[in-house]
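Visitor: Supplied in structure tokens, the structure appears directly below.
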Amino acid sequence: MLALPRFGCINLHGSLLPKYRGAAPIQWAVANGDAVTGNTTMLLEEGLDTGPVLLQQTLEIGPDQTSVDLFELLARSGAPLVVETLAGLADGTIQPQPQNHDGATFAPLLDREDGRMDFAGRAAHELYNRWRGFQPWPGAFTTLDGKKLIVHRLAVAESQIGPVEPGQIRIENQRIFAACAGNTWLEFLELQLEGKKRLPAAEFLRGNHLVAGTRLGSATR
């Protein structure tokens, strides 16, 4: 099948190959905190995203953009790139260029556990980037008293009084802060406890008895 079309089978891939070969290049670029990504048109071959590159375009990733935002931008800019690629192949102005396989990295299919928040192993900005990257699924979640707690919106916060154990909660003026690795902090803006409604932090506190010093993630299901 790969040999049937005169110019080969053409693919639009949402990364600057050979970086982020695989199923989830957009999500992992955001989750890893990259500042730049892009689109690549390429020829398909039997390997996973290993074929020769045709054209590439770069796109900056904003510090607060999510993968949902980036998907839309890459789709919008990728469509004319495909048209340009087809025209260039037809008139002979594009010559396929082999990838540098030594520089390849991979973007594996996302797993539910990728969304679990590791407060002890990751600093606040890392967890924030993973939340941005893993939208809309698997998102960001932890556990509170053995129940799943989904964090729908969050932000990196200024350092609180510390150091404290990662995962511990601090409550201040109806705001919820969680300690992360390296004495860094996240603020939880919108949360949803298993079986409950999605709520802003202040409303969540009114409906749930959450005290300072509570440690998140200490009991998993």
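Visitor: Roughly how many Å is it from the Cα centre of region 116-154 to that of region 1-61, as a whole number?
Guide: Using only Cα atoms, the two centres lie 28 Å from each other.
Visitor: A follow-up question, please. Tell me, what is the per residue accessible area of the chain in Å², probe radius 1.4 Å?
Guide: It amounts to 53 Å² per residue over the chain.
Visitor: Could you pull out every residue, at least 5 positions away or on a different chain, whose amide H is within less than 5 Å of the one on Ala23? Hs are placed 1.01 Å off N in the peptide plane, and Pro or chain starts have none.
Guide: Correct list: Ala107, Leu109.
Visitor: Using a 1.4 Å probe over the heavy atoms of the protein chains, calculate the carbon and sulfur portion of the accessible area of region 1-89 as a whole percent.
Guide: 60
Visitor: Of all accessible surface on region 110-150 at a 1.4 Å probe, what whole percent is carbon and sulfur?
Guide: Carbon-and-sulfur percentage of accessible area, whole number: 49.
Visitor: First compute the accessible area of region 159-221 with a 1.4 Å probe, then give the percent of it belonging to carbon and sulfur atoms.
Guide: 46
Visitor: Quick one: ranking Ser67, Ser159, Ser77 by accessible area, 1.4 Å probe, largest first, what do you get?
Guide: From most accessible down to least: Ser159, Ser77, Ser67.
Visitor: Simple spin-label model, 7 Å along Cα-to-Cβ: Thr105 to Ser77 in nm?
Guide: Here the modelled spin labels are 1.8 nm apart.
Visitor: A further question follows. For the chain, modelled as a GNM with alpha-carbon contacts under 10 angstrom, which of Gly167, Gly103, Gly62 fluctuates the most?
Guide: Looking only at Gly167, Gly103, Gly62, the biggest GNM fluctuation is shown by Gly103.
Visitor: Using DSSP to call loops (not H, G, I, E or B), can you name the GluC sites (Glu not before Pro) in region 140-209 whose Cβ has at most 15 other Cβ atoms within 10 angstrom?
Guide: Glu158, Glu194
Visitor: List nothing, just return the count: lysine pairs in the chain, 8 or more apart or interchain, with Cα separation under 18 Å.
Guide: Counting lysine pairs in the chain gives 4.
Visitor: May I ask you to evaluate 6.51 cos²θ - 1.76 cosθ + 1.60, the Karplus curve with θ = phi - 60°, for each residue of region 105-115 and list the ³J(HN,Hα) values in order in whole Hz, giving x for glycine and proline?
Guide: 10, 10, 10, x, 3, 6, 10, 3, 5, 4, x
Visitor: Among Gly207, Gly121, Gly88, which one shows the biggest mean-square fluctuation in a GNM of the chain, springs joining Cα atoms closer than 10 Å?
Guide: Judging by the Gaussian network model, the answer is Gly207.
Visitor: Let me ask another. Where does helix 67-91 land angle-wise versus the long Cα axis of the chain, in degrees 0 to 90, nearest 10?
Guide: That works out to roughly 0 degrees.
Visitor: Let me ask you something else. When the chain is modelled as a GNM with alpha-carbon springs shorter than 10 Å, which of Gly139, Gly115, Gly22 fluctuates the most?
Guide: Maximum among the listed residues: Gly22.
The values are calculated or read from the model by the stated rules, or taken from the named source; none is laboratory data. For clarity, every value in this text was computed on a predicted model and none was experimentally measured. Note that we place each Cβ from the backbone using ideal geometry, even for glycine, and neighbour counts take in every protein chain shown. Keep in mind that these areas ignore ligands, DNA and RNA; they rest on the heavy atoms of the full protein, side chains included. Shrake-Rupley method; radii C 1.70, N 1.55, O 1.52, S 1.80 Å.
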